[in-house]
Amino acid sequence: MARFDESIRPLILALVLLLLSAKLDAKVSAIIVFGDSSVDTGNNNAISTILKSNFEPYGRDFEGGRPTGRFSNGRIPADFISQSFGLKETVPAYLDPAYGISDFATGVCFASAGTGYDTSTSDVLSVIPLWKELEYYKEYQSRLRIYLGERKANETLSEALYLMSLGTNDFLENYYTTSGRRSQFTIEQYQFFLLKIAKDFVQKLYSLGARKISLGGLPPMGCLPLERAANIMGGNGCNKEYNNVAAQFNAKLKALEIQLNKELPSINVVFSDPFPILQQIIKKPSLYGFEVTSMACCATGSFEMGYMCNRFSPFTCSDASKYVFWDSFHPTEKTNLIISYHLLKRVLNQFR
Ligand SMILES: *[C@@H]1O[C@H](CO)[C@@H](O)[C@H](O)[C@H]1NC(C)=O
């Protein structure tokens with residue numbers, strides 16, 4: 001069957017051309033990934049959580065039609081960004097027993113779907129907290145120094161591109177759905193609470209040798225199909241409050257980018273903001289060849305993700321490339337590719 005791999009081929013070409021046109025001034029030795037389901041390439045397969053996606057129809061447009069634990073029908077931004085730097089086409093998950101340090105030497109993913117900056121967010125779905133992702137990274141450093149030798153490993157670690165992509169779950173799965181943080185913080189205070197964790201995390205990465213860091217922003221999270229389905233009073237439109245919070249938090253991350261670049265010598269932090277491009281796609285889907293924005297491809301398209309999005313639903317769409325969202329919380333591979341292209345333009349500008 002002609003899968004939409006075909007339809008996204010021109011976009012992949014555009015991505016590669018973008019890199020070539022930048023003449024690869026931005027030398028990147030490896031892609032090292034921290035965050036949530038937006039970049040998890042399969043770590044949750046190895047832990048006890050109900051938040052998984054290593055079953056059909058997840059991955060049906062992935063190489064070999066294989067579910068991998070990525071929350072999409074195909075690849076996710078970490079993969080596209082790796083490919084565009086001439087590295088692996090898919091970034092291996094650190095906890096996947098099929099891979100070892102030789103695979104991780106050019107890219108590794110520590111991300112865990114459902115996690116957040118706030119440790120109480122990772123507790124909600126018992127997934128890997130951010131501090132634990134960092135512990136795995138330290139272990140990786142030791143393994144890499146044994147594998148490559150200390151000098152070469154240090155070089156790889158300092159020339160790697162570090163991707164951080166998380167925060168949505170702190171608001172949608174924690175602040176707005178459980179009572180703990182809401183009884184402690186106003187929404188503004190909670191944003192500053194998360195921002196402090198983000199800043200500490202970047203400083204820790206820096207002290208461990210990281211120099212090129214992409215600090216990911218939040219999507220227009222009020223437009224995720226799940227949030228639309230819940231927005232009954234708003235006629236199932238985008239939840240404006242959630243979108244405003246995402247925009248406010250992104251503005252703070254942007255300020256953090258500027259601050260960190262001033263404070264830490266020879267660091268290169270770039271704020272990677274998926275908000276404007278995703279909002280543009282949702283407002284003008286036909287410009288990008290999409291037909292459906294408000295509902296997801298999987299199952300009824302309103303609320304299913306994880307185990308609810310499974311092969312027993314007769315409603316799952318046949319061509320995901322017409323949909324912005326794959327399940328009620330995550331973009332399709334095609335959307336991921338378009339977002340990656342836009343983020344990469346900014347990364348390249350900054351690193352030149
Ligand atoms: C590698 O990096 C570590 C940590 O920064 C440092 O202690 C060590 O001296 C470095 N080794 C070499 C050979 O550059």
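A short reminder: the numbers here are calculations on the coordinates, not readings from a lab. The model shown is predicted, which means the values in this text are computed figures rather than measured ones. Positions of Cβ are backbone-derived with ideal geometry, glycine not excepted, and every protein chain shown enters the neighbour counts.
Which value, in debye to the nearest 20, gives the size of the charge dipole of segment 117-237 about its Cα centre, when Lys and Arg are +1 and Asp and Glu are -1 at the Cβ?
340 debye
Residue-wise, which Karplus ³J(HN,Hα) couplings in Hz belong to segment 297-312, taking 6.51 cos²θ - 1.76 cosθ + 1.60, θ = phi - 60°, and x for glycine or proline?
With the stated coefficients, segment 297-312 comes to 6, 6, 6, 6, x, 9, 9, 7, 8, x, 4, 6, 9, 9, 6, 8 Hz.
Enumerate the amide H contacts of Trp326 below 5 Å, restricted to partners 5 or more residues apart or on another chain; note that Pro and chain-start residues carry no placed amide H.
Here Cys297, Thr332 satisfy the definition.
Tabulate in residue order the Karplus-calculated ³J(HN,Hα) for segment 88-102, using 6.51 cos²θ - 1.76 cosθ + 1.60 with θ = phi - 60°, rounded to whole Hz; enter x for Gly and Pro.
4, 6, 9, 8, x, 7, 4, 8, 7, x, 6, 10, x, 4, 5
Val270's amide H: which non-local residues (gap 5+, or another chain) put their own amide H closer than 5 Å, with H modeled 1.01 Å from N in plane and none for Pro or chain starts?
Amide H neighbours of Val270: Ile213, Ser214, Leu215.
Once amide H atoms are placed 1.01 Å from N in the peptide plane, what residues at a sequence separation of 5 or more from Ser72, or on another chain, have their amide H within under 5 Å of its amide H?
Gly59
Once phi is turned into θ = phi - 60°, what whole-Hz ³J(HN,Hα) does the Karplus curve with 6.51, -1.76 and 1.60 give for every residue of segment 104-114, x standing for Gly and Pro?
Values per residue, Gly and Pro as x: 7, 5, 10, x, 7, 10, 9, 5, 9, 4, x Hz.
Could you pull out every one of the lysines with an alpha carbon less than 19 Å from that of Lys283, ignoring same-chain neighbours closer than 8 positions?
Straight-distance partners of Lys283: Lys240, Lys322, Lys334.
Considering the Cα trace of segment 33-168, what is its radius of gyration and what is Dmax, both in angstroms?
Just the Cα atoms of segment 33-168 yield Rg and Dmax of 14.4, 44 Å.
Give me the distance between the Cα centres of segment 42-74 and segment 274-322, rounded to whole Å.
17 Å
Can you sort Ile47, Ile213 so the residue with the fewest Cβ neighbours within 10 Å comes first?
Going from least to most buried by this count: Ile47, Ile213.
Which lysines have a Cα less than 23 Å from the Cα of Lys152, not counting those fewer than 8 places away in the same chain?
Lys27, Lys88, Lys138, Lys204, Lys212
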